[in-house]
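Right, one structure below, let's go through it.
Read the figures in this text as sums done on the coordinates, not as results from a lab. As the structure is a computational prediction, the values presented were derived from the model and not from experiment. Glycine also receives a Cβ, built like all others from the backbone with ideal geometry; neighbour counts cover every protein chain displayed.
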Amino acid sequence: MRQSKLFTKTRKEAPADEVSKNAELLVRGGFIHKEMAGVYSYLPLGLRVLKKIENIIREEMNKVGGQEILMSSFQPKENWEKTGRWDAMDDLYKVSDSSGREVALGPTHEEIVVPILKNYISSHKDLPIFVYQIQNKFRMELRAKSGMLRSREFIMKDMYSFHASAEDFEKFYNKMKDVYKTIFQRVGIGYLTYITFASGGTFSKYSHEFQTITSAGEDTIYVDEESGTALNKEVFNDEILSQLNLAKEKLVEQKSIEVGNIFDLRTKYSKPFDLSFTDEKGKKYPILMGCYGIGLGRLLGTVVEALADDKGIIWPESIAPFQVHLLALGDDKEIFIEANKVYESLLKADVEVLFDDRIDMSAGEKFADADLLGMPYRIVVSERSMKESGIELKKRAEEKGEIVSQDELLRMLKPSA
């Protein structure tokens with residue numbers, strides 16, 4: 001894509017009411033547009049990142065047998081009354097039409113997915129089933145001040161699993177721990193992310209969160225770096241330490257952001273809707289459930305918080321809007337002719353490239369924008385590079401670049417078959 005055709009522009013300053021690093025950099029870079037507190041629109045660059053995260057998650061859900069669906073955002077009040085959450089959930093948006101009829105604006109989808117599955121499950125032979133969606137959610141978040149980390153409208157992947165036995169549920173639940181680890185590795189923050197024991201409430205001893213270490217985090221966790229185990233501050237006591245075989249003196253306190261969670265629902269939602277199955281002997285049992293969530297925008301914001309430096313964003317290659325940011329520097333017509341040749345050769349090699357072909361920008365402004373936007377590789381065509389019969393290549397996360405030939409550049413950047 002030619003940057004001169006990109007309708008968004010970078011900004012030197014973020015909106016005065018943005019206090020989080022992720023929102024500041026994403027707004028300044030033109031990745032997102034703030035509509036109001038906790039509500040953002042995705043612009044071309046931001047949407048490219050979001051779609052890459054979405055595709056990674058979808059691939060991993062499909063690998064474990066997940067079937068993708070898309071459920072309604074409007075949810076019947078009656079369903080929420082059956083589970084007791086119409087009055088109990090204090091961040092639930094309740095919407096009324098002109099007739100006074102009330103519906104819930106979905107923050108999660110247990111109250112929808114269970115009635116759907118009730119139409120298709122009767123026997124143990126129908127189980128297990130794993131369904132998921134990637135969809136907008138709405139929560140009445142009164143503390144929406146952390147950019148993409150705490151939003152009132154957000155996109156979530158929520159998967160729901162349905163099982164006939166505790167053994168089958170445990171097997172899948174443990175498999176999902178590994179799937180989530182793979183997802184966070186693929187988006188570039190696996191080395192900073194820990195599976196974390198947290199309170200399971202009244203339904204199970206523990207739930208499991210996935211927490212990414214960053215100073216901007218709102219959570220506090222305690223990490224055993226040797227074993228890779230962590231626990232949330234809310235479950236930090238001697239009894240839990242003993243159960244997990246952890247030594248208090250080995251734990252390191254860290255600030256973190258929750259980027260995902262998996263939870264044992266047991267029969268909390270299947271019983272109110274009488275979601276059940278019959279076994280080989282015809283005896284009826286309630287179905288066991290699990291749920292598995294990842295907020296895509298929250299994950300995107302966490303990557304920015306965890307990896308950015310004082311110059312701007314540093315995107316991992318797997319989710320960067322473009323792999324390469326090509327800069328043409330100088331007023332010489334030959335420089336732009338050469339840069340165009342490089343651009344066309346990269347496109348032909350299926351390399352995703354953003355070409356800064358703007359003619360009214362200084363070299364300093366182009367370098368600053370490249371650092372802010374954070375593509376993994378910056379390549380420069382300039383008078384200096386042309387004198388050396390090459391192209392200057394630099395990784396965003398490194399200080400120094402090198403002059404390489406166009407053939408070397410293509411070998412380094414061309415996607416593997």
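Taking the average, over residues, of other Cβ atoms within 10 Å as the packing measure, peptides 177-190, 229-242, 21-34 rank 21-34, 177-190, 229-242 from highest down. Computing FRET efficiency as 1/(1 + (r/R0)^6) for residue 165 and residue 118, where r is the C-beta to C-beta distance and R0 is 25 Å, gives about 0.85. Phi angles of the range 119-132 translate, via the Karplus equation with coefficients 6.51, -1.76, 1.60 and θ = phi - 60°, into HN-Hα couplings of 6, 10, 10, 9, 10, 4, 5, 7, 10, x, 9, 10, 10, 8 Hz per residue; Gly and Pro are given as x.
Run lengths n ≥ 4 of DSSP H only: what is the helix-derived mean residue ellipticity at 222 nm for the chain, with -39500 (n - 2.57) per run over all residues, to the nearest 500? Working shown, then result.
Numbers: 12 runs with 127 residues, N = 417.
Taken over the chain, the calculation gives -9000 deg cm²/dmol.
Dividing the Cα radius of gyration of the range 131-176 by its Kirkwood radius returns 1.18 for Rg/Rh.
With the Cα gyration tensor of the range 132-243 giving a ≥ b ≥ c as the square roots of its eigenvalues, does the rule (a/c under 1.5 for rounded; else a/b larger than b/c for prolate; else oblate) give rounded, prolate or oblate?
Values: a/c = 1.42, a/b = 1.10, b/c = 1.29.
Rounded is the answer for the range 132-243, as its axis ratio a/c remains below 1.5.
About its Cα centre, the dipole of the chain is roughly 860 debye, where the only charges are +1 on Lys and Arg Cβ and -1 on Asp and Glu Cβ. Over the range 158-218, the reciprocal of the mean inverse Cα-Cα separation, the Kirkwood hydrodynamic radius, stands at 13.2 Å. Counting only DSSP beta bridges with both residues in the chain, the antiparallel share comes to about 80 percent. What separates the Cα centres of the range 354-397 and the range 169-240 is a distance of 40 Å. Take 92-98, 216-222 and order them by the average number of nearby Cβ atoms within 10 Å per residue, most first; the result is 216-222, 92-98. Put in order of Cβ neighbour count within 10 Å, fewest first, the listed residues 142, 192, 410 become 142, 410, 192. Gyration tensor analysis over the Cα atoms of the range 68-160 returns equivalent ellipsoid semi-axes of 26, 18, 11 Å (largest first, whole Å).
Would you mind working out the magnitude of the charge dipole of the range 324-413 relative to its Cα centre, with +1 at each Lys and Arg C-beta and -1 at each Asp and Glu C-beta, to the nearest 20 Debye?
200
For the range 268-352, the percent of C-alpha pairs falling in each 10 Å distance bin, counted from 0 to the bin holding the largest distance, reads 13, 21, 18, 15, 12, 11, 8, 3, 0. Where the centre of each part is set by its Cα atoms, how far does the range 122-141 sit from the range 296-342, in angstrom? Value for the Cα centre distance between the two parts: 37 Å.
Each 20 Å bin, from zero up to the one with the longest distance, holds this percent of the alpha carbon pairs of the chain: 23, 49, 24, 4, 0.
What are the semi-axes of the equivalent ellipsoid for the range 292-417, taken as the square roots of 5 times the Cα gyration tensor eigenvalues, largest first, in whole Å? Let's see the in-between values first.
Details: eigenvalues 146, 57, 30 Å².
Taking √(5λ) for each eigenvalue gives 27, 17, 12 Å, largest first.
List the DSSP H helices in the chain whose Cα atoms stretch 27 Å or more along the helix axis and whose mean Kyte-Doolittle hydropathy is at least -1.0. Walk me through the numbers on the way to the answer.
Numbers: long enough: 44-63 (29 Å, -0.46); 166-186 (30 Å, -1.12).
For the chain, where a helix must reach 27 Å along its axis and average at least -1.0, the hits are 44-63.
Debye sum, Cα scatterers, the range 191-302, no solvent: what log₁₀ I/I(0) at q = 0.15 1/Å? Summing over Cα pairs of the range 191-302 leads to -0.72.
In this structure, the residue pairs whose Cα-Cα separation is over 25 Å, taken from 34/311; 181/366; 77/118, are 181/366.
Toward the positive end of the charge dipole of the range 288-394, with +1 on the Cβ of Lys and Arg and -1 on the Cβ of Asp and Glu, the farthest Cα among 368, 349, 336 is that of 349.
Give me the extension gain from residue 238 to residue 13: residue separation times 0.36 nm, minus the current Cα-Cα distance, reported in nm with one decimal. Show your work: numbers first, answer last.
Details: separation 225, 0.36 × 225 = 81.00 nm, distance 4.73 nm.
Going from the current span to full extension adds 76.3 nm.
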